[in-house]
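*Asks:* Mind having a look at this structure? Questions to follow.
The values are calculated or read from the model by the stated rules, or taken from the named source; none is laboratory data. None of the values given here were measured: they were computed from a predicted structure. Note: ideal-geometry Cβ built from the backbone for every residue, glycine included; neighbour counts use all protein chains shown.
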Amino acid sequence: MTKQKTTNRAIPGTERRALLDAGMAQRILLLDGAMGTMIQNRNLVEADYRGELLAAHSKDLRGNNDILNLTRPKIITEIHEAFLDAGADIISTNTFNATRIAQADYGTEELVPEINREGARIARAAADAASLQTPDRPRFVVGSLGPTNRTASISPKVEDPGYRNVTFDELRVAYCEAASSLIEGGADLLMIETIFDTLNAKAAIFAVHEVAELHGQEIPILVSGTITDRSGRTLSGQTVEAFWNSVRHAKPLAVGLNCSLGAEQLRPHLLELARVADVPVSAHPNAGLPNEMGEYDEVPATTAEHLGEWAGAGLVNIVGGCCGTTPEHIRAIADAVAPHPPRIIPKIEPRTRLSGLEAFEIA
C-alpha cells in the first residue's frame, strides 16, 4: 500500500508527562469509548476488511478490526473524530489486537508493524486537528496494547495444569514490536489494557521499558486491569490490591480498571484501587452488563450518573468507556464529571508490599 506521511506531532517524553500530570491536577481527563462498538455499528462486510490491499488474502478477515487501519482508514478517522467532538482528551489507537500473537488467527502477522504505525498515525492526525481547535486543551493519543488471546499464567488444557501456550519472552517480543511501531506512528503514551493475566501485563511493561530505551525517551504508561466477575479478581486470580502491588514498579502515569463489568458493579473494586494506589486512577467501564444477545443496553445518562458519582466521591482522575459506549456516552460522562475535582493522590507509607493471589504487607 502507499503509506501516508504521519503528522507525528507526539510531544517529547518528559514534556508529554508534564502536560498529562498538569491536566490531571486541574480536572478529570476523558478517555474515549468503545472502538469495537463503533465499528460493529457500521455493519461492515468481508470486503470492507479486505480492501484492495488484502483482496486475495487466504483467510477470512471480518472481525479483525485492527486491519481496518490499512484497508478502511477513513472509518477509523471518523470514529476518532466523533469521540474528540464528544469531549475526549485522550483517544485510543485501533490496535487492541495488533500483536503478532493475536493477528496469527487471521494470517496477518507480518502486517503488525504497519497496523500499529498506521493506527497511531490516524489517531495522531485526528488529535492534532482537535488540538488546533482548542490550543489551551491539548489532545493526546494513547497506543492500545491489548492482552492478546493467550495467557501466560493459566493452562488451556484442563488435563495438564502445567502446560502453557505462550511464554513470557514470546509476549515480550510481541509487545516490543507493537509498542515500538505505535511510538513511531506518533502515540504520546501507551495503555496496557484489559489485563486479565498480570504476567502478560508484566511482559508488556518489560517490553515498553525496552522500547523507551531504544527510542531514548520516557514513554508514559497507563495500566488497566479487568475484573472477571463480582468476586473482584482478575482471571489469573489476583485481588485488586495484589494486582496493584504486582505492577506498581512500572511507575505508571495511572492505574485503572476497565471492561468486564458495568459501572455499578465495578464501583467497590474501583474504591479499593483508589485506596491503595499512590498514582492517578483511571476507569472505563462497559455500558452496563451485556444482555442475552451480548449487546449493551445501558443508556448514556445511566453510565454518566454512575461515573459522576465516582467523581463526586473523589475516586478517579481519568474516566471513559469500554464495551458498548459511544460518543453519546462520553459526552454525557464529560458533563457529569465536569463539576468535580480530580481525585487527590494519597500519601502511602513506604512498606514492603508483596503479591500472590492476595496482597501481603510487612508492617
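*Asks:* Tell me which of these Thr194 doesn't satisfy, since it passes every other one: (1) part of a helix (DSSP H, G or I); (2) on the phi > 0 side of the Ramachandran plot.
*Replies:* Against the list (1) part of a helix (DSSP H, G or I); (2) on the phi > 0 side of the Ramachandran plot, Thr194 comes up short only on (1).
*Asks:* Turning to a different aspect of this structure: Show the residue pairs meeting these rules: Cβ distance below 8 Å; 6+ apart or different chains; first residue within the stretch 57-79 and surrounded by fewer than 17 Cβ atoms within 10 Å (Cβ to Cβ); second residue aromatic (Phe, Trp, Tyr) and in a helix (DSSP H, G or I).
*Replies:* Sorted first by the residue in the stretch 57-79, then by its partner, the pairs are Lys59/Tyr106; Asp60/Tyr106; Arg62/Tyr49; Gly63/Tyr49.
*Asks:* Further question: Please give the number of the condition Asn245 fails out of (1) closer than 15 Å to Thr194 by Cβ; (2) over 19 Å from the mean Cα position of the chain (by Cα).
*Replies:* Result: Asn245 passes all but (1).
*Asks:* Going through the stretch 15-62 one residue at a time, which ones are basic (Lys, Arg) and under 30 Å from Pro342 (Cα atoms)?
*Replies:* Our first condition is that a residue be basic (Lys, Arg); within the stretch 15-62, this holds for 16-17, 27, 42, 50, 59, 62.
Correct list: Arg16, Arg17, Arg27.
*Asks:* Okay, moving on. For Ser155, which of the numbered conditions (1) surrounded by fewer than 17 Cβ atoms within 10 Å (Cβ to Cβ); (2) part of a helix (DSSP H, G or I) fails to hold?
*Replies:* Ser155 satisfies all of (1) surrounded by fewer than 17 Cβ atoms within 10 Å (Cβ to Cβ); (2) part of a helix (DSSP H, G or I) except (2).
*Asks:* When only residues in the stretch 82-112 that are under 18 Å from the mean Cα position of the chain (by Cα) and among the charged types (D, E, K, R) count, which is nearest to Leu189 (Cα to Cα)?
*Replies:* If we take residues in the stretch 82-112 being under 18 Å from the mean Cα position of the chain (by Cα) and among the charged types (D, E, K, R), then Asp89 is nearest to Leu189 (Cα to Cα).
*Asks:* Residues in the stretch 5-25: is at least one in contact with a helix residue (DSSP H, G or I) (Cβ under 7 Å, 6 or more places away or on another chain), modelled with pLDDT of 95 or more and buried (at least 21 other Cβ atoms within 10 Å of the Cβ)?
*Replies:* Restricting attention to the stretch 5-25, the residues satisfying the condition of being in contact with a helix residue (DSSP H, G or I) (Cβ under 7 Å, 6 or more places away or on another chain) are 6-11.
Still in the list and also modelled with pLDDT of 95 or more: none.
Within the stretch 5-25, not a single residue is in contact with a helix residue (DSSP H, G or I) (Cβ under 7 Å, 6 or more places away or on another chain), modelled with pLDDT of 95 or more and buried (at least 21 other Cβ atoms within 10 Å of the Cβ).
*Asks:* Restricting to the stretch 38-60, count the residues that are among the hydroxyl-bearing types (Ser, Thr, Tyr) and either closer than 21 Å to Pro147 by Cβ or assigned to a helix (DSSP H, G or I) (or both). If you could, list the steps in order and put the result at the bottom.
*Replies:* From the stretch 38-60, those among the hydroxyl-bearing types (Ser, Thr, Tyr) are 49, 58; that's our starting set.
Going one step further and asking which of them are either closer than 21 Å to Pro147 by Cβ or assigned to a helix (DSSP H, G or I) (or both), we end up with 49.
Of the residues in the stretch 38-60, 1 are among the hydroxyl-bearing types (Ser, Thr, Tyr) and either closer than 21 Å to Pro147 by Cβ or assigned to a helix (DSSP H, G or I) (or both).
*Asks:* Could you check how many residues of the stretch 28-57 are in contact with a Gly (Cβ under 6 Å, 6 or more places away or on another chain) and polar (S, T, N, Q)?
*Replies:* Within the stretch 28-57, residues that are in contact with a Gly (Cβ under 6 Å, 6 or more places away or on another chain) and polar (S, T, N, Q) number 1.
*Asks:* Pick from Asp85, Asp32, Asp105: which is modelled with pLDDT of 95 or more and either under 30 Å from Asp169 (Cβ atoms) or among the β-branched types (Val, Ile, Thr) (or both)? Full working, then the answer.
*Replies:* Working: Asp85 fails: either under 30 Å from Asp169 (Cβ atoms) or among the β-branched types (Val, Ile, Thr) (or both); Asp32 fails: either under 30 Å from Asp169 (Cβ atoms) or among the β-branched types (Val, Ile, Thr) (or both).
Only one candidate passes the filter, namely Asp105.
*Asks:* For Gly143, state whether it is surrounded by 17 or more Cβ atoms within 10 Å (Cβ to Cβ) and over 21 Å from Leu30 (Cβ atoms). Step through it out loud before you land on a result.
*Replies:* Details: surrounded by 17 or more Cβ atoms within 10 Å (Cβ to Cβ): yes; over 21 Å from Leu30 (Cβ atoms): no.
No, not satisfied.
*Asks:* Which of the residues spanning the stretch 299-350 are within 13 Å of Gly262 (Cβ to Cβ) and outside any helix (DSSP H, G or I)?
*Replies:* Passing the criteria: Val299, Gly321, Cys322, Cys323, Gly324, Thr325.
*Asks:* Another question, then. Working only within the stretch 261-295, note down all residues that are of a type in the set (S, T, N, Q) and touching a Lys or Arg at 6+ places or on another chain (Cβ under 8 Å).
*Replies:* Gln265
*Asks:* Determine which member of the set Arg275, Arg331 is basic (Lys, Arg) and within 23 Å of His80 (Cβ to Cβ).
*Replies:* Numbers: Arg275 fails: within 23 Å of His80 (Cβ to Cβ).
The unique qualifying residue is Arg331.
Condition check ((1) within 25 Å of Pro138 (Cβ to Cβ); (2) among the small types (Gly, Ala, Ser); (3) modelled with pLDDT under 95) across all residues:
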site	(1), (2), (3)
Glu170	no, no, no
Tyr175	no, no, no
Ser181	yes, yes, no
Val223	yes, no, no
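*Asks:* Could you grab me the full set of residues in the stretch 123-147 that are in contact with a Lys or Arg (Cβ under 9 Å, 6 or more places away or on another chain) and either over 23 Å from Pro73 (Cα atoms) or not small (Gly, Ala, Ser) (or both)?
*Replies:* Listed by number, the residues that qualify are Arg124, Asp128, Phe140, Val141.
*Asks:* Inspect all residues belonging to the stretch 173-189 and state whether any of them is acidic (Asp, Glu) and buried (at least 24 other Cβ atoms within 10 Å of the Cβ).
*Replies:* From the stretch 173-189, those acidic (Asp, Glu) are 177, 184, 188; that's our starting set.
When the remaining residues are screened for being buried (at least 24 other Cβ atoms within 10 Å of the Cβ), the result is 188.
Taking every residue of the stretch 173-189 in turn, at least one turns out to be acidic (Asp, Glu) and buried (at least 24 other Cβ atoms within 10 Å of the Cβ).
*Asks:* Now a separate question. Can you name every residue in the stretch 160-189 that is outside any helix (DSSP H, G or I) and among the charged types (D, E, K, R)?
*Replies:* Asp160, Arg164, Asp188
One line per residue, one yes/no per condition, for (1) in contact with a helix residue (DSSP H, G or I) (Cβ under 8 Å, 6 or more places away or on another chain); (2) aliphatic (A, V, I, L, M):
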residue: Lys59; (1), (2): yes, no
residue: Arg62; (1), (2): yes, no
residue: Asn65; (1), (2): yes, no
residue: Asn69; (1), (2): yes, no
residue: Lys74; (1), (2): no, no
residue: Ile91; (1), (2): yes, yes
residue: Asn97; (1), (2): yes, no
residue: Arg100; (1), (2): yes, no
